[in-house]
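Peer 1: Got a structure for you, written out below as structure tokens; questions coming shortly.
The values are calculated or read from the model by the stated rules, or taken from the named source; none is laboratory data. The structure displayed is predicted, hence computed values, not measured ones. When we count neighbours, we look across all protein chains shown, and the Cβ atoms used for this are built from the backbone with ideal geometry, even at glycine. These area figures cover heavy atoms from the full protein model, side chains too; ligands, DNA and RNA do not enter into them. Shrake-Rupley method; radii C 1.70, N 1.55, O 1.52, S 1.80 Å.
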Amino acid sequence: MTLLELEHVDVFYRDLQATFDVSLTVDEGETVAIIGANGAGKSTLLRAMIGLTQCRNGRIRLAGEDVTRLRCDLLARRGVALVPEGRRLFSSLTVEENLLLAMARARKGPWTLQRVYDLFPAMKEFRSHRASDLSGGQQQMVAISRALLTNPRVLLCDELSLGLAPKVISEIYACFDGIRKEGVSIVLVEQDTVRARSASDRLYCLLKGKVRLAAKSSTVTPEAIREAYFGETRT
Amino acid sequence: MSFLPTILNGLMVGGLYGLFGLGLAFAFGIMRIVNIAHGEFIVLGAYIGASLLSVTHLPLPAVIVLVAVITFALGWALQTVMLNRMIGPNPVPAMVATMGLSIIIRNALVEYYGADIRAIDIGPLQDQGVSIFGTSIGVLPIIIFLIAVLLFVLMHILLTRTTLGRAFRAAADDFEILETLGFNRKRVYAIAMGLAVTLSAIAGLLLAIRSSYSPYSGVERLLISFEVVIIGGIGSLRGSFLAGLFLGVVQLIGLRINPNSGPLFGHLAFFLILLAKQANLPALFIRRRA
């Protein structure tokens, strides 16, 4: 069943049009990757999905309901959560305060403080640290946990691998199986196409704000991805 | 001639100055709003309290609570009706709007209450004193100081122990992410402004009980608030409190030395601190050697 649906969406970043006529769907329990080069409009598209930026044209539906004009906080309470690019933890709060804040307006669901500590056991050790004192990998664990604690139906992840060591990225991605088991849908925005492909069921490739490729991750060829990613036409 | 009573009295006024600064810093820290009408709300607290005392004859604690409720509603309304429409990267619109509001409130007070300088009379408590360290101190200033300390402690508990307090701090860090966690930004802001105005208005009422006020006192109170914030820092409760105490003590010692000096010495001390903060003394020293 389709959970999140974008129809012909145009989103603007200030006065600049970032996406053109983007249509995509995310099914319940599915992981969808959105890949594309810098400036392809991926992050702006995610902002539209959670209502931080209103799209100028088109429709967004969540579980069949039109949420195009819904405010961000209301969308969040209907089950959309964001792991933002650059983590964006509340730096003057401790790790646990970050997590407690996420629980305050959470929907009912499987994720509890205990569950996210089980998911990232290392987090227990720095729970009382200030968020600004953490390493990038530690911050990413907190950012994912914070989003999960709202018990989302769809989890939007923006550039999880940005600025992290490859080993840390692998650890972060390894936890996704555990998250998927709870039936949550995931939207992964990535520049790292290899990782995005292996972690997802389907993928969309954006080029200059347009969907250039929509395919099943298991069957798409690297050549097709490269072509859509760079906009090369073979001669 | 001992300065001890002067210092003690300065500390007790200073607690209220700290609250003035806290209210201003609260609005600025969370919402980046510089509330120029802050001083007028402080004075408004005094007028509302005085009217309630004379009309209803309720006891002082009840009046304080009533003033808190009324001014919280005013702050809430200010944010909801006016300032929430102006939030954004540019702080100037809100500044100009609150400056306009300050003129409106000031003149409305003149129109309604008249321009004369008043003091609130709360009866026999005003004249009672106790002996501390061999000097006589009024009971009322001590009670007022304790209320100020209590409000600081309550704010500390609010900010560190409750969801609302965490939301305030988080909004100061990154309001967009707070929204993605399901918090209504405008409502958080409205509560924050309500609290900021309440703190200042209660402090304004308490100050009016132990000194005088007029519709024009707001400018002076705003200046003190700014000084407290700049000396004490924006994100720090303790900083605001200590800065308030410092200004209170300096001002009263100045008045003791020269009864005609008014708030001069407090402002002078602030000016010196500002110079010292700007001067970066070690850097000067190094430059001279190079």
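Peer 1: Looking for whichever is over 15 Å from residue A:145 (Cα atoms) and within 14 Å of chain B (Cβ to nearest Cβ) here; the options are A:51, A:58. Which one fits? First the steps, then the outcome.
Peer 2: Numbers: A:58 fails: within 14 Å of chain B (Cβ to nearest Cβ).
From the options A:51, A:58, the qualifying one is A:51.
Peer 1: Restricting attention to the range B:155-167, report how many residues are open to solvent by less than 70 Å² (accessible area, probe 1.4 Å) and among the basic types (Lys, Arg).
Peer 2: 1
Peer 1: I need a count of the residues in the range B:161-178 that are within 13 Å of residue A:146 (Cβ to Cβ) and within 7 Å of another protein chain (Cβ to nearest Cβ). Even if it seems obvious, please write down each step before you answer.
Peer 2: Keep residues of the range B:161-178 that are within 13 Å of residue A:146 (Cβ to Cβ), which gives B:166, B:170, B:173-174, B:177-178.
Imposing the further condition that a residue be within 7 Å of another protein chain (Cβ to nearest Cβ) reduces the set to B:166, B:170, B:173-174, B:177.
Total meeting the criteria: 5.
Peer 1: Given (1) open to solvent by less than 10 Å² (accessible area, probe 1.4 Å); (2) touching a residue at least 40 places away in the same chain (Cβ under 8 Å), where does residue A:72 come up short, assuming only one miss?
Peer 2: With respect to (1) open to solvent by less than 10 Å² (accessible area, probe 1.4 Å); (2) touching a residue at least 40 places away in the same chain (Cβ under 8 Å), residue A:72 is out only on (2).
Peer 1: What's the number of the condition residue B:152 fails, among (1) of a type outside the set (D, E, K, R); (2) touching a strand residue (DSSP E or B) at 6+ places or on another chain (Cβ under 9 Å); (3) more than 14 Å from every other protein chain (Cβ to nearest Cβ); (4) open to solvent by less than 50 Å² (accessible area, probe 1.4 Å)?
Peer 2: With respect to (1) of a type outside the set (D, E, K, R); (2) touching a strand residue (DSSP E or B) at 6+ places or on another chain (Cβ under 9 Å); (3) more than 14 Å from every other protein chain (Cβ to nearest Cβ); (4) open to solvent by less than 50 Å² (accessible area, probe 1.4 Å), residue B:152 is out only on (2).
Peer 1: Determine if the range A:77-91 includes at least one residue that is assigned to a helix (DSSP H, G or I), over 14 Å from residue A:142 (Cβ atoms), within 14 Å of chain B (Cβ to nearest Cβ) and open to solvent by 40 Å² or more (accessible area, probe 1.4 Å). Explain how you work it out, then say what you get.
Peer 2: As a first pass, look at the range A:77-91 and keep what is assigned to a helix (DSSP H, G or I): A:77.
Add one more test, that the residue is over 14 Å from residue A:142 (Cβ atoms), and what stays is A:77.
Pick out the ones that are also within 14 Å of chain B (Cβ to nearest Cβ) and you get A:77.
Checking the rest, the ones that are also open to solvent by 40 Å² or more (accessible area, probe 1.4 Å) come to A:77.
There is at least one residue in the range A:77-91 that is assigned to a helix (DSSP H, G or I), over 14 Å from residue A:142 (Cβ atoms), within 14 Å of chain B (Cβ to nearest Cβ) and open to solvent by 40 Å² or more (accessible area, probe 1.4 Å).
So that you can scan it fast, the table gives a plain yes or no per residue for (1) basic (Lys, Arg); (2) more than 21 Å from residue A:189 (Cβ to Cβ):
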residue: A:47; (1), (2): yes, no
residue: A:52; (1), (2): no, no
residue: A:73; (1), (2): no, yes
residue: A:80; (1), (2): no, no
residue: A:90; (1), (2): no, yes
residue: A:93; (1), (2): no, yes
residue: A:98; (1), (2): no, yes
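Peer 1: Can I ask one more? Return the residue satisfying two criteria in turn: it lies in the range A:106-126 and is out of contact with any Ser or Thr (no Cβ under 7 Å at 6 or more places or on another chain) and either within 14 Å of another protein chain (Cβ to nearest Cβ) or within 18 Å of residue B:162 (Cα to Cα) (or both), and of such residues it is most open to solvent (accessible area, probe 1.4 Å).
Peer 2: A:108
Peer 1: Consider the range A:92-102. How many of its residues are facing chain B (nearest Cβ under 7 Å), of a type outside the set (Gly, Ala, Ser) and open to solvent by 10 Å² or more (accessible area, probe 1.4 Å)? Even if it seems obvious, please write down each step before you answer.
Peer 2: Taking the range A:92-102 first, the residues facing chain B (nearest Cβ under 7 Å) are A:92-93, A:97, A:100-102.
Right, trim to of a type outside the set (Gly, Ala, Ser) and you get A:93, A:97, A:100-101.
Keeping just the survivors that are open to solvent by 10 Å² or more (accessible area, probe 1.4 Å) gives A:97, A:100.
Within the range A:92-102, residues that are facing chain B (nearest Cβ under 7 Å), of a type outside the set (Gly, Ala, Ser) and open to solvent by 10 Å² or more (accessible area, probe 1.4 Å) number 2.
Peer 1: If we scan the range B:257-272, do we find a residue that is under 23 Å from residue B:156 (Cα atoms) and of a type outside the set (D, E, K, R)?
Peer 2: Narrowing the range B:257-272 to residues under 23 Å from residue B:156 (Cα atoms): none.
No, the range B:257-272 contains no residue that is under 23 Å from residue B:156 (Cα atoms) and of a type outside the set (D, E, K, R).
Peer 1: Related question: Looking at the range B:116-144 only, could you name the residues that are open to solvent by less than 40 Å² (accessible area, probe 1.4 Å) and at positive phi?
Peer 2: Listed by number, the list holds a single entry, B:123.
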